[in-house]
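Trainee: This is the structure I have questions about; it appears just below.
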Amino acid sequence: MADEKDDTRELMKTASGKRLTQILTEDYLNVHRKASEGAFVVWVAIVVPVELFKGFDNVVFAVPESHAALSAAKGVGMLQCEKAEHSGYSMDICSYARIDIGTMMSGGKDSPTFGLPRPHLLVSDNNNCSLLVKWFDIYHREWDVPHFILDVPFCYEMQKETDLRYIVTQFKDLIKTIETLSGQKFNIDQAKEALKNSSEAAKQYKRFIDCAVHRPSGITAFDSFVQMAPLLTSRGRPEVAEHFRLLADETEERIKNSQFPVPNEKYRLLWDSIAPWHQLRKMSTRLAGLDANIIAASYTSCLGGIEGSYEFIQEYREGDPLESLARIQNFSVCPYGMDLRFKAMSWAASHYGIDGFVFASNRSCKVYSVMQMDLQKWITEDLGIPSIMIDVDHADVRKYNEESAFLRIEALLESIDAGRARAKI
Ligand code: SF4
């Protein structure tokens, strides 16, 4: 039976959890307050470079995907999905979209943030998925709000110079569009400052997730899922960089004091998919009971990197911020071809000392899941690391069965044990 309740409560009790809650609360309150005072409101897809909006004095942004993830983690994902489904949206559509559409259709009712303020402009991109463009088009039609679509070329190899120029040209168009619609002037120095803050935040977040290299790991991937939120909703703020610096310091300190989330860690696993937002506490607790830890995830490891690399390259000090932002448009996993995904996963396997892979097939997110069977075969054959495939939707708890998932996870742990026993012979 579907079981859905607030899955973040335990994780938010730590000092860093409380600081995170404060940042996110401030951000959602701010966006509502500023919108009510007349700010120009933009709704964006997660990869859209929000640092550009910081170049304006009175432009605020909201991120429907993050709002949907928060709703799922807070236990209202299914409720919002059902509202969208009752209006005819298929259960096969991404659950983020259904949650957000359900929230919009009920005027923010049941949302942990009272929904999002109505936008003056929608900005989507097609580098994560084309579904997102269609999803934002619903609001475009419903509310007659302009929709700006960034067209980012898919990457089968490292980004080409021509692609970078093409993206920069679109950023310039986006800036002009906002100037025209809002009547405000863009200040590039403000955008540069925001980008420096974002760059520092990503660097410190990388320090935090690298605490997984230690044996036993200093973190679980579930901590990294919860902590990634401000990198999406609060980018550009100096407080976010400071939060991640403190978080990395605190985590390193806990390692020095031999405090580990899974002290008897026997199995170090890597998760390939979006976070299972409705299972954060349950899944991490049950895994810990098996001395297993999902220590890393492709979903969070890619932050701050570029296509095919999980290493931090995003450092921005000076130079054209538009170019720098264009260069990192393909940091997330979805727009990579197979070769780049394999390269990144192989690096992660050796960097974190991974014993087994958990591929989480997600019918909501076709782009993440579509290559997983081939990738799984490749990982097993080339790296010799055991893996399993489980079914789990990131935000719709109805498309997850805990017992069948754990049956496979336990089989994975047994095959890791069998491999270790063979190696001793
Ligand atoms: S389909 Fe996947 S990439 Fe697209 S919005 Fe949904 S979760 Fe994001």
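The numbers here are math on the coordinates, done by the rules we state, and not lab data. Keep in mind it's a predicted model, so treat the numbers as computed, not measured. Reconstructed Cβ throughout: ideal geometry from the backbone, glycine too, with neighbour counts over all protein chains shown.
Trainee: For region 15-186, what size does the Cα cloud have along each of its three principal axes, sorted from largest down, in whole Å?
Mentor: The Cα atoms of region 15-186 stretch 44, 40, 37 Å along their principal axes.
Trainee: How long, wide and thick is region 191-424, going by the Cα atoms along their three principal axes, in whole angstroms, largest first?
Mentor: Answer, in whole Å and largest first: 53, 41, 38 Å.
Trainee: Ok, one more. Using the alpha-carbon atoms, what tilt in degrees (0 to 90, nearest 10) does helix 280-289 show relative to the longest principal axis of the chain?
Mentor: 10
Trainee: Something else now. For the ranges 352-360, 152-160, what's the packing order if you count other beta-carbon atoms within 10 Å of each residue, average per peptide, and put the highest first?
Mentor: Taking the mean over residues of other Cβ atoms within 10 Å, the ranking is 352-360, 152-160.
Trainee: Which of the pairs Lys185/Lys343; Lys366/Lys424; Lys18/Lys192; Lys54/Lys134; Lys54/Lys83; Lys134/Lys160 have their Cα atoms more than 31 Å apart in this structure? Don't jump to the answer; show the numbers that get you there.
Mentor: Working: Lys185/Lys343 42 Å; Lys366/Lys424 40 Å; Lys18/Lys192 29 Å; Lys54/Lys134 26 Å; Lys54/Lys83 34 Å; Lys134/Lys160 27 Å.
Too far apart for the 31 Å limit: Lys185/Lys343; Lys366/Lys424; Lys54/Lys83.
Trainee: Sequence-distant or interchain residues sharing an amide H contact under 5 Å with Asp125, placed H: which?
Mentor: Ala45, Leu150
Trainee: Find out how many positive minus negative residues lie around Thr380, taking Lys and Arg as positive, Asp and Glu as negative, among other residues whose Cβ is under 14 Å from that of Thr380.
Mentor: Working: positive: Lys377; negative: Asp272, Asp355, Asp374, Glu381, Asp382.
Once positives and negatives cancel, what remains is -4.
Trainee: Write down Rg/Rh for the chain, rounded to two decimals, with Rg from the C-alpha atoms and Rh from the Kirkwood relation over Cα pairs.
Mentor: 0.95
Trainee: So how much slack lies between Arg408 and Asp144, counting 0.36 nm per residue of separation and subtracting their Cα-Cα distance, in nm?
Mentor: In short, 90.3 nm is gained.
Trainee: Additional query: With runs of 4+ DSSP H residues as the only contributors, calculate the mean residue ellipticity of the chain at 222 nm using -39,500 (n - 2.57) per run, divided by the residue total and rounded to the nearest 500.
Mentor: Numbers: 17 runs with 211 residues, N = 425.
After summing the helix terms and dividing by residue count, I get -15500 deg cm²/dmol.
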